[in-house]
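The values are calculated or read from the model by the stated rules, or taken from the named source; none is laboratory data. Quantities reported herein were computed from a predicted structural model and do not represent experimental measurements. Don't worry about glycine lacking a Cβ; one is built from the backbone with ideal geometry, like all the others, and counts go over all protein chains shown.
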Amino acid sequence: MRKLKFHILIPLLLLSLVGCAEQKLLEKVGIAILLGYDLGNEGVSTTAVIRQVNPDFESNIEIISAENQTSKGTRIEINRKTSKKVVVGQLRVALYGDELAKEEGIGNSIHALSRDSNISGSVYMAVVEDETKTLLNYNYENITDIGQHIFKLLEQNIEEEQIISSTLHEVSHDYYSIGEDIAMPILSREEELVSISGVALFIRGKMVGELPAEDSFYMKLSRDHYQSGAFEALIKNEDLEKALMKDPPEEISVVLDTVKSKSDLKLINQSTPEFDLHITMEARLLELNEEIDLGEPKNVAILEKAISESLSSEISRVISYCQEVNSDVFGLGNQYRSSVRNSNLTEEKWHEMYQKARVNVQVDFKITRSGTLD
C-alpha cells in the first residue's frame, strides 16, 4: 500500500514542479506572435506584437518597434526595449510593408526566417498596403490582440480556400526555385476593418505587381487544386447562348460552392515556349441572379459551357497580367525545366522566355447539383 502511495505521489510532485517551471518561464519571456517589417531610414524597421504573461496567467499585448541594418538586428533592439526576453518560437505571422517589398525586397528576411530553427515553416506571410507599423499600432476598438486577429484572418481564408496559401515553407520553396515566383496576400486597413485586399506578385524577392483579391481564385485554380472552396463568377453576355435566354443581360452572377478541381500543365512546344493548361472542375450551383430553368438538361449543358468559357477567359487574363509584370507565380518555368532535358535554365534566361510564352487555357466545368435552385 505504501509503495502504491509512493508511486502515485511522485508523478503528482513532478507535474506540480513542471507547472511551476512553466509558469516561471512564461513570466520571464515575451512571446512574439507577429513581426512586421518596413523600410526604415537606415535599414529595416521591425514592429513586434508581443504577448506577455503575468504571474496570474493573465496576458497583455505590447507592440514594440525598432530599427537596425538587419531584421535580426532589430530583434536585438526590441529586446532592449522590454523587461522580458522576446522569443519567436510561437511566431504566427510575418508582414511586409509594400514599400519595403517593392524597393528592397524580402529575400533577406525569407533567408533569415527559414534559417531560424525556432521558427515554424507554417508561419503565414503577407504584404501590407502602406506600413505594417501603422496597421499594427492603430487603436482598434474591437480588436484586443491584433497579432492573433491577423493570424485568424489569414488562417480561416486559406483553410476556406478563399485566398492562396503563403506559409514560410511555401514562400521559401518558391523563392529558391528556378522557374517559380512568390505570391502572397495583401492586407489593408479601412478604419476599424483589416481585410485581404489583393495578391502581391514577386520576381525573386521584389514585389512587382498586384492583383485584386478576387483573382486569387483563378490563380489557385491554375496552379493548385480546390477541395471544397466557394466563389462568385460573372458570365459575360458574349459567353451566353441565345437558346438559354431570350434577352440576356450584360452579365450574370453565379455563386458556386463545394468547388473541386484539378489542373494539368503540359509543355507542348519548347521553342516558343507553349503550354496547355487543362482544368477540370465541378461545383454546386448555389445561386443564380437570373431565372433559368435548370430542370432542362439542355439548359444545364449550355450554362456549363458558358461558365467554362468565362473561367478560361478570366484565367487567361490573369496569366497575361502576370506575364506583363514578369512574375511566374504559376510555375511555368518549373514545368519547362522538368520537361526539357539539359535545359540549363537560369532565372534570367527563363524570365526572358516567360513573357513570350503562350498558355492555352481550357476549363471543363460541370454542375454537380443546383443547390437552392432545385
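Miscellaneous remarks
- Looking only at the range 41-78, and only at residues there that are among the small types (Gly, Ala, Ser) and within 13 Å of SER109 (Cβ to Cβ), the one that is modelled with the highest pLDDT: SER45
- Candidates VAL300, VAL318: the one that is at pLDDT below 90, part of a helix (DSSP H, G or I) and β-branched (Val, Ile, Thr) is VAL300.
- Residue match in the range 153-162 (condition: hydrophobic (A, V, I, L, M, F, W, C), touching a helix residue (DSSP H, G or I) at 6+ places or on another chain (Cβ under 7 Å) and farther than 22 Å from GLY209 by Cβ): no
- Residues (among the small types (Gly, Ala, Ser) and either surrounded by 23 or more Cβ atoms within 10 Å (Cβ to Cβ) or without any contact (Cβ under 8 Å) to a residue 12 or more places away in the chain (or both)) located in the range 82-103: SER83, ALA94, GLY97, ALA101
- Any hit, the range 350-358, residues being under 20 Å from GLY205 (Cβ atoms), assigned by TED's automatic domain parsing to the domain that holds ALA233 and in contact with a Leu (Cβ under 7 Å, 6 or more places away or on another chain): yes
- So GLU214, is it under 28 Å from ALA200 (Cβ atoms), of a type in the set (D, E, K, R) and either modelled with pLDDT of 85 or more or surrounded by fewer than 17 Cβ atoms within 10 Å (Cβ to Cβ) (or both): yes
- Every pair of residues 6+ apart whose Cβ atoms lie under 6 Å, when the first sits in the range 332-357 and is of a type in the set (S, T, N, Q) while the second is assigned to a helix (DSSP H, G or I): SER343/ARG337; GLN355/GLN323
- For the range 276-297, the set of residues classified as surrounded by fewer than 16 Cβ atoms within 10 Å (Cβ to Cβ) and part of a strand (DSSP E or B) consists of ASP276, HIS278, THR280, GLU287, listed by residue number.
- Output for the range 270-295, where each listed residue is more than 25 Å from THR368 (Cα to Cα) and within 26 Å of the chain's Cα centre (by Cα): PHE275, ASP276
- Considering residues of the range 330-343 that are touching a Lys or Arg at 6+ places or on another chain (Cβ under 9 Å) and modelled with pLDDT of 90 or more only, the residue surrounded by the most Cβ atoms within 10 Å (Cβ to Cβ): PHE330
- Residue within the range 364-371 that is of a type in the set (S, T, N, Q), at pLDDT 95 or above and not in a helix (DSSP H, G or I) present: no
- Any hit, the range 220-229, residues being modelled with pLDDT of 80 or more, part of a strand (DSSP E or B) and either surrounded by fewer than 17 Cβ atoms within 10 Å (Cβ to Cβ) or touching a Gly at 6+ places or on another chain (Cβ under 8 Å) (or both): no
- Residues in the range 237-275 that are buried (at least 19 other Cβ atoms within 10 Å of the Cβ), modelled with pLDDT of 90 or more and assigned to a loop (DSSP other than H, G, I, E, B): PRO273 only.
- Single unsatisfied condition, THR346 versus (1) out of contact with any strand residue (DSSP E or B) (no Cβ under 9 Å at 6 or more places or on another chain); (2) crowded, with 17+ Cβ neighbours inside 10 Å; (3) of a type in the set (Ser, Thr, Tyr): (2)
- In the range 111-119, the count of residues that are more than 29 Å from VAL53 (Cα to Cα), at pLDDT below 95 and surrounded by 15 or more Cβ atoms within 10 Å (Cβ to Cβ) is one or more.
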